[in-house]
């Protein structure tokens with residue numbers, strides 16, 4: 001059995017064991033695609049459609065490194081912000097609030113003191129379509145900012161690490177304030193467009209693009225959502241991101257494995273000092289974990305291997321990656337010049353399915369063994 005067959009068999013086992021209905025995996029070594037294939041179904045309901053290598057997935061929290069963190073990196077390169085600037089210096093409404101003294105570095109490394117999550121969306125009545133106009137979108141974003149600023153800190157800033165969606169919602173608002181653009185506009189103009197990362201987009205930002213370019217079965221649906229009372233298909237699974245109009249710093253991005261690979265390749269190439277759009281020194285600072293044990297495995301917008309880790313046991317200590325709630329993940333090992341992208345909709349049709357927790361480390365170990373150790 002060759003390498004490609006062994007990886008495919010493992011993915012097929014994931015389908016058979018109902019870890020996910022289907023999946024797309026893409027593996028690159030030294031910038032060369034070694035594996036790119038789909039297994040299973042993209043959709044179980046309301047009708048069945050097979051997954052393809054070009055299936056578009058809700059990337060969930062991969063939005064954090066691919067959009068928000070990458071946008072902040074560009075803003076640093078343009079000298080429009082510094083990591084150790086306080087939030088209140090960049091976003092004036094944060095002055096004299098519990099979170100105001102936290103820095104961009106604190107937010108990126110999940111050590112700001114903000115709680116992990118809050119169901120703010122429950123205070124908003126869901127509609128069939130996210131936020132019908134710009135005025136309403138601005139009102140809701142201002143309301144979210146107010147709610148975050150009213151949060152008492154869960155711990156003193158910088159003393160602990162607590163993975164927090166609120167950190168990245170706030171970072172998204174900082175980016176929009178600095179650029180005077182939506183996060184989606186800025187990412188398209190400064191990241192996805194110039195790098196050729198297509199399709200990688202926030203669906204509500206480009207509804208015409210979505211409707212005219214893609215058929216419904218090109219997009220993998222996610223969960224049957226009790227709050228919105230419908231199966232989610234082409235709309236962000238995360239309820240807070242949906243309430244914010246589908247564009248947020250923590251979630252909302254959709255794309256294919258190939259488009260994601262353009263972004264992971266940009267980060268890896270910069271780490272290696274190869275020509276590209278990202279600054280090598282800044283990239284290396286972002287993906288290096290803190291030496292403080294109290295802040296855990298997080299670097300800046302990226303996670304690093306820990307024990308146990310979704311990355312498995314084979315990646316080097318210099319590896320960096322991220323997970324997405326819907327069943328997505330990216331891991332990059334610069335020592336081996338290895339990129340592993342796994343896109344699934346494990347939440348389809350129910351978010352209660354958590355089998356992917358055991359699958360991810362097995363998958364990453366198997367990929368490493370086949371494409372690195374066996375070559």
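No value in this document is a laboratory result; all are computed from the given coordinates. It should be emphasised that the depicted structure is a prediction, and the values quoted were computed from it without experimental measurement. In this analysis, Cβ positions are derived from the backbone assuming ideal geometry, glycine residues included, and neighbour counts consider all displayed protein chains.
Plainly put, region 1-51 has a radius of gyration that is 1.05 times its Kirkwood radius, both from alpha-carbon atoms, as the Rg/Rh ratio. Just to confirm my numbers, what's the Cα centroid distance between region 92-170 and region 249-271 in Å? A separation of 24 Å, based on Cα centres. Annotation for residue 125 and residue 77: the two label points, set 7 Å from Cα along the Cα-Cβ direction, are 4.5 nm apart.
The value of relative contact order for the chain, using C-alpha pairs under 8 Å at least six residues apart, is 25 percent. Rounded to the nearest 5, the antiparallel percentage of DSSP beta bridges internal to region 3-373 is 95%.
Put simply, the Cα atoms of region 28-152 extend 53, 44, 27 Å along their principal axes, the longest span coming first. Normalised by 2.2 N^0.38 Å, where N counts its residues, the alpha-carbon radius of gyration of the chain equals 0.93.
Take the Cα atoms of region 285-375, build their convex hull, and give its volume per residue in Å³.
98 Å³
Per DSSP H run of n ≥ 4, the term is -39500 (n - 2.57); total these for the chain, divide by its residue number, and report the mean residue ellipticity at 222 nm rounded to 500 deg cm²/dmol.
-9000 deg cm²/dmol
Taking the beta-carbon count within 10 Å as an exposure proxy, list 360, 230 from fewest neighbours to most.
By the 10 Å Cβ count, ascending, the order reads 230, 360.
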